[in-house]
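Here the structure is laid out as structure tokens; the discussion comes afterwards.
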Amino acid sequence: MPLPKAHRLKSRKDFQAVFREGIRRHSSHFTLRALSPSRSKEPSLDTAPKTPQPTGCESLASTQIGISISTKVSKRAVIRNRIKRQITAALYKLLPRLSPGWRLVLIVKPTTAESECVSQQFLQELEQLLAKAEVFHGHS
């Protein structure tokens, strides 16, 4: 099941902003780059509201997530796509717990393809990474 469109990080400009200004957290299979809502200066063209919205907490955009998996992980697209689907399924379970307004990029390390990880392991590792970065409700 793919992430809802509102939760996808799409544009190159958004990815570059997260890489340039975001914080970095590591685990054995992933590197998380996270840009907090207070540090992101302006919404991208993709996420800019079409109509004027009120200012304040209720106007914060939903958390956007991008997944980066290079050919260093595996030369075979089938394997890369399977890993991406497993990560997306794990993230989908964590979406309700995320604080709004964050921009996240999850980078998959090459060791991920070699280890036979299942979605449950990805879920546990992602949960620990997001807790380290204080992305969950009540931490920001």
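Annotations
- Test: residue in the range 126-136 that is under 18 Å from Ser70 (Cα atoms) and either touching a residue at least 40 places away in the same chain (Cβ under 8 Å) or out of contact with any Cys (no Cβ under 9 Å at 6 or more places or on another chain) (or both): no
- Helices (runs of 4 or more DSSP H) fully within the range 71-140 counting 1 or more residues that are within 19 Å of Met1 (Cβ to Cβ) and open to solvent by 20 Å² or more (accessible area, probe 1.4 Å): 77-94, 119-132
- Residues satisfying the stated conditions in the range 26-46, i.e. modelled with pLDDT of 95 or more and among the basic types (Lys, Arg): Arg33
- Selection status of Leu98, at pLDDT below 95 and either closer than 13 Å to Leu130 by Cα or in contact with a Gly (Cβ under 7 Å, 6 or more places away or on another chain) (or both): yes
The values are calculated or read from the model by the stated rules, or taken from the named source; none is laboratory data. Just so you know, these numbers come straight off a predicted model, no measurement behind them. Using ideal geometry, Cβ is built from the backbone for each residue, glycine included, and neighbour counts are taken over all protein chains shown. The accessibility values were calculated without ligands, DNA or RNA, using every heavy atom of the protein model including side chains. Shrake-Rupley method; radii C 1.70, N 1.55, O 1.52, S 1.80 Å.
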